[in-house]
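The values are calculated or read from the model by the stated rules, or taken from the named source; none is laboratory data. These numbers were taken from a predicted model, which means no experiment stands behind them. Every residue, glycine as well, gets a Cβ built from its backbone with ideal geometry; the counts of neighbours run over all protein chains shown. Ligands, DNA and RNA are excluded from the accessible area calculation, which covers all protein heavy atoms including side chains. Shrake-Rupley method; radii C 1.70, N 1.55, O 1.52, S 1.80 Å.
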Amino acid sequence: MSTTTFSVTVRVWRQPGPGQPGRFVEYPVGGVNPDMSFLEMLDVLNDGLTRSGDEPVAFAHDCREGICGTCSLVIDGKPHGPHHGVASCQTYMRSYKEGDVIVVEPFRARPFPVIKDLVTDRSAFDRIQQAGGFISARTGSAPEANSVPVPKEVADLAMDAAQCIGCGACVAACKNSSAMLFVAAKVSHLGLLPQGQPERDKRVLAMVSTMDGLGFGSCTNQYECSAACPKLISHDFIARMNRDYAKAVFRSAFRPVAAGAGD
Amino acid sequence: MAKLESRTPAGDLPGKWRRHKAEIRLVNPANKRKYEIIVVGAGLAGASAAASLAELGYKVSTFVFHDSPRRAHSIAAQGGINAAKNYQNDGDSVHRLFYDTLKGGDYRSREANVHRLAEVSVDIIDQCVAQGVPFAREYGGLLDNRSFGGAQVSRTFYARGQTGQQLLLGAYSALSKAVASGGITLNTHSEMLDLVVVDGHAKGIIVRDLVTGQISRHAADAVILATGGYGNVFNLSTYARGSNATAIWRAYKRGACFANPCYTQIHPTCIPVTGDYQSKLTLMSESLRNDGRIWVPKRKEDRLKPPATIAESDRDYYLERIYPSFGNLCPRDVASRAAKRVCDEGRGVGASGLGVYLDFADAIGRVGEAGVRERYGNLFDIYREITNENAYRDPMRIFPAVHYTMGGLWVDYNLMSNLPGLFVLGEANFSDHGANRLGASALMQGLADGYFVIPYTVGDYLATQKPGSRPKVDAAEFKQAEEGVALMTSHLLTIGGKEPVSHFHKRLGHILWQYCGMARNREGLSKALKEIPALRSEFWANVKVPGSGLALNQSLENAGRVADFLELGELLCRDALAREESCGGHFREEHQYPDGECKRDDDNFGHVAAWEYAGEGREPVRNVEPLNYETVKMSVRNYK
Amino acid sequence: MDLVRNLFCSSIGRKLVMAVTGVVLIGFVAGHLVGNLQVFESPDRINGYAHFLQSLGPALWFARMFLLACVGLHIWAATVLTLESQGARGDEPYRVKRWISATFASRYMRGTGYVVLAFILYHLAHFTVGLAQPASFKENIAHYVMKGDYHVLGVTVTAAGTEVLDVRTMMIRGFGSPFVSIFYIVAVGLLSLHLLHGAESLFQTLGWRNRRWEGGLRAAVTLLCAAYFLGNLAIPGGVLLGVLR
């Protein structure tokens, strides 16, 4: 526990509303404690702004323990700040020192329009999920849980993918604003499990098509996404989704035509 | 006085739910689509309810204040979910889970509700596995379990340290499917700011769009609140910053009774507070108590020494000493109070003296660092991020923090409040955990309510409502409620005081933590009951809410929530003062055994206290629902 | 048709098109280099080889059309994907942008791609059509008479005594110009850089890559790209240094 405090300067993107022009504004923040989280530093800034009659900086946050996926800052050019494998809320001020100038921007991508200041609209992710990110299992219709064994390695791998917190850092980090890592995590989580097999082809085709339709870019295999991911979800899942997609394309094209279809 | 009819079915305990399901009214499939149901909140309870009701054919509208339903704070639950599957062959059964939960709740919950919870627990696991929840598996491919506090069997299913996340994503995926098929209308960034009651029935809500600031009216045949607990009344807690009590509080002010607000859970294993700027306390999962050993130095003088230099014989593994049969796995309230006691004795560790060690040295010696990493790696990572300390080398420092609220809106066996048409699920209701909740039971209850209770019980109410009979949004009640919301919003924006909302929230938190935290007494509570109204007046005179009401305005959102907390905090203290006994999370210093354990008073307080709003400036009415135990005998909890 | 739509109108489909055409083009440039390295042996080898290729007639034209189609598809997919990705980026750029894991080669694929296209056009003009240096073009210089047989897989494809185009002299004269050679070297250098990302990336796109052998894959691709560059460097280098004459 440290007691010495220091001061930093934050250069924050301020934008009054959707589609309106924004600009960077510089604010000094004093009394920064190294044990403070980055968001707590912004709280201190905002309380100061409120007291002095300014409008506080809007930023998205909720659980502040790195799991809800709400916080979404680009700090000095990297989504979620300087550290590997953490969300913005898990960035601590001990990473900074007296006099540092910290540039804070919103996630920037056309499918994530800015709502205000550092808050963006990421509902596009919900729409991708709605396109097929589920296993249809009507409540009450489930078989006994142990009736379908899932090898531990498969369950663990599915869990690796399922850890995605839906924050959108992958999109923010990608120069193409591609959502491939997010979609691949969903497709792989469900596609790896035996329960997800019946809808496997349909799922990957629908989710990719929705992703494209929402205006996300394509993947150029630079892996900025997995490097920026607060859960360090591997881009191996993107490879897996590519393969899954190719298989689904060919399987669905050469499947025997069902009786009645095409009438 | 509100009428509190628990509507608990008659007959033997294990058969109650089965018989009830067979007897309650049904809505025929063609009529279901004629009913609109509003679901507020999309955590485990809300999302599972919305998805299940939409599958049945009801027209569901879901409202969440978050940007996405997947952000609800259920997502942060770490440890696991209980179910009486007895996969471990260690003697578990529905009855044992029922009994553990009832006993863990210090005999302050309804027998029938808890039994139903234990019964449907097994269906929850089946449902979640079918949805693709990647629970931990054994090498043979079957489901794995771990142990949790308050139980002597291993019945907790888990997905690493992110069980809540995985269960929520399962429910969210079901919800997403229903959104795609048109069964659910999803309203994000939509905060419920009032409940509309027409002819004594809950028939709609008033909502503020947090992005545009627009206030709108929504009518329905039934309203379901699944908006979580009110622990943020303490300001510092393990809750998400956005977690709030506004929906249930405004429902309370419209006539829904608020039951047992003083039952708050303080979780024993959280990362200690470091400073005044702090916004959040982070939980270290209770599962850590499976392998970690809790201790403090025997002598005060040793408390600042590096832990490694304190000899084994100078350490006090106080939970193992006091509770030899449950040891480090005793229930949360017991473990928290024990930590408070040793810190009060001056043996707390860390600079603040408010901390105890959670030591993994033995576990590392037994299964190796890799073994510990495999089980708890993500928790150790979280600990290192926050404290910059390596818990593989030095023991963790932990301290209790507010974590859950067992109290909530009063509901009957059908989960309907005393306001007909208003259903309350999950942490927002008071129903299943009595005065203390066992670990891994919150997820169980949220999903039980949403997947397996409300789909049956909502029909029992709707069958009494003619299809298409719901009021129109231009009814006077809607207009009046909307005007009230608009008035409060504009009032908050025009006070023009000096202090930000957070200033008042922090002060409220200090008052509550000091006088209504882990230990409470008459004197402190009386003091709090003076200080809170004073703080509330100060808030309404001196709060500063900048910006406009017609755009995203986080200060305004917080101001409304803290205004409600300032009222709820008072009710919490009032309830704590009225309950002249100690039970579970409610510990009154006047009522304890010589060894510091809770001393219940079953004769005078073996009941639910359901507070009824009596109007602005008037004392609320304390209604009572007696708890009739037909099967289990209320006894002194013993974890020794 | 779903198959066509999924392959040509979706982002992953187009990436698959890029990867598959990329495989073909990598195969071509590798084979092309191996063939051309015969210039270091007796004139019979490279000239006999060239004559054999010329003699394939319709098959040669089929191969050329196929390769051109691959180049076309590769460029088409790249262009469409790039435009879409630029559109996805939004209007406001990051004030500060920190690259985390992207390799140097991957960040300049478009730039290296342009140079490769320019190089292909120049290369065709130079050695295939004869527009660049008409004076030393194979059609315009003395023919070469084969001294021995040229075999492919043990079959004589160009017999001794056959009068063939003197490709070898054309190459040596062409690279005799330092300007041409340096442009050539720079271009194949950038092509190698293009392949450095492309050859690795196609495994990811086709779904045949994971962390277990990503290190090995990267090492193998780097090695092959280096070998490719050195092989290509050898011909103009040899001419400039006077080793080839």
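The rows are residues; the columns are (1) over 19 Å from B:S176 (Cβ atoms); (2) assigned by TED's automatic domain parsing to the domain that holds A:L39; (3) assigned to a loop (DSSP other than H, G, I, E, B).
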residue: A:E105; (1), (2), (3): yes, yes, no
residue: A:A131; (1), (2), (3): no, no, no
residue: A:I135; (1), (2), (3): no, no, yes
residue: A:R138; (1), (2), (3): no, no, yes
(request) Test B:R241 against the criterion of being open to solvent by 10 Å² or more (accessible area, probe 1.4 Å) and part of a helix (DSSP H, G or I), and give yes or no. (result) no
(request) Look at region A:218-248 and say how many of its residues are more than 7 Å from every other protein chain (Cβ to nearest Cβ), open to solvent by 10 Å² or more (accessible area, probe 1.4 Å) and without any contact (Cβ under 8 Å) to a residue 60 or more places away in the chain. (result) 4
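A quick yes/no check of all residues on (1) open to solvent by less than 50 Å² (accessible area, probe 1.4 Å); (2) at pLDDT 90 or above; (3) touching a strand residue (DSSP E or B) at 6+ places or on another chain (Cβ under 6 Å):
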| site | (1), (2), (3) |
| --- | --- |
| C:F119 | yes, yes, no |
| C:Y122 | no, yes, no |
| C:A125 | yes, yes, no |
| C:V129 | no, no, no |
| C:A135 | no, no, no |
| C:N140 | no, no, no |
| C:K147 | no, yes, no |
| C:Y150 | yes, yes, yes |
(message) I'd like to check something: does region B:35-53 contain any residue that is more than 14 Å from chain A (Cβ to nearest Cβ), open to solvent by 20 Å² or more (accessible area, probe 1.4 Å) and outside any loop (DSSP other than H, G, I, E, B)?
(response) yes
(request) Go through region B:500-539 and count every residue that is aliphatic (A, V, I, L, M), open to solvent by 10 Å² or more (accessible area, probe 1.4 Å) and within 26 Å of the chain's Cα centre (by Cα). (result) 5
(request) For region A:47-59, name all the residues that are facing another protein chain (nearest Cβ under 7 Å) and under 26 Å from B:A72 (Cα atoms). (result) A:D47, A:P56, A:A58
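Residue-by-condition table, conditions (1) over 16 Å from the mean Cα position of the chain (by Cα); (2) surrounded by fewer than 24 Cβ atoms within 10 Å (Cβ to Cβ); (3) within 14 Å of chain A (Cβ to nearest Cβ); (4) touching a residue at least 60 places away in the same chain (Cβ under 8 Å):
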residue	(1), (2), (3), (4)
B:A256	yes, no, no, yes
B:I266	no, no, no, yes
B:S285	no, no, yes, yes
B:D291	yes, yes, no, yes
B:I294	yes, no, no, yes
B:K300	yes, yes, no, no
(request) Please verify whether region B:313-332 includes one or more residues that are crowded, with 22+ Cβ neighbours inside 10 Å and closer than 14 Å to B:F399 by Cβ. (result) yes
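Going by the structure shown, is A:P34 modelled with pLDDT of 95 or more and open to solvent by 10 Å² or more (accessible area, probe 1.4 Å)? Walk me through how you get there before you give the answer.
On the way: modelled with pLDDT of 95 or more: no; open to solvent by 10 Å² or more (accessible area, probe 1.4 Å): yes.
Against the criterion (modelled with pLDDT of 95 or more and open to solvent by 10 Å² or more (accessible area, probe 1.4 Å)), A:P34 does not qualify.
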(message) Take the residues in region B:586-619 that are free of Cβ contacts under 8 Å to residues at least 24 places away in the same chain and at positive phi; name whichever of them is most open to solvent (accessible area, probe 1.4 Å).
(response) B:G617
(message) Testing C:S106 on (1) under 19 Å from C:L196 (Cα atoms); (2) part of a helix (DSSP H, G or I); (3) open to solvent by 30 Å² or more (accessible area, probe 1.4 Å), one condition comes back false. Which one is that?
(response) (3)
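With the condition kept exactly as written, say whether any residue in region B:134-151 is in a helix (DSSP H, G or I) and open to solvent by 10 Å² or more (accessible area, probe 1.4 Å).
No, every residue in region B:134-151 fails to be in a helix (DSSP H, G or I) and open to solvent by 10 Å² or more (accessible area, probe 1.4 Å).
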(message) For region C:203-226, give me each residue that is at negative phi and open to solvent by less than 20 Å² (accessible area, probe 1.4 Å).
(response) C:Q204, C:T205, C:R209, C:L217, C:V221, C:C225
(message) If A:R110 satisfies all but one of (1) surrounded by fewer than 23 Cβ atoms within 10 Å (Cβ to Cβ); (2) touching a residue at least 24 places away in the same chain (Cβ under 8 Å); (3) over 16 Å from C:G90 (Cβ atoms); (4) within 7 Å of another protein chain (Cβ to nearest Cβ), what's the number of the condition it fails?
(response) (3)
(request) Could you tell me whether A:A172 is open to solvent by less than 10 Å² (accessible area, probe 1.4 Å), among the small types (G, A, S), in a helix (DSSP H, G or I) and out of contact with any Leu (no Cβ under 9 Å at 6 or more places or on another chain)? (result) yes
(request) Might you check whether a residue that is within 14 Å of chain A (Cβ to nearest Cβ) and open to solvent by 10 Å² or more (accessible area, probe 1.4 Å) occurs anywhere in region B:472-484? (result) no
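The rows are residues; the columns are (1) within 29 Å of B:S582 (Cα to Cα); (2) surrounded by 24 or more Cβ atoms within 10 Å (Cβ to Cβ).
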site: B:F65; (1), (2): no, yes
site: B:R71; (1), (2): no, yes
site: B:Q88; (1), (2): no, no
site: B:S93; (1), (2): no, no
site: B:R96; (1), (2): yes, no
site: B:G105; (1), (2): yes, yes
site: B:R110; (1), (2): yes, yes
site: B:N113; (1), (2): yes, yes
site: B:R116; (1), (2): yes, yes
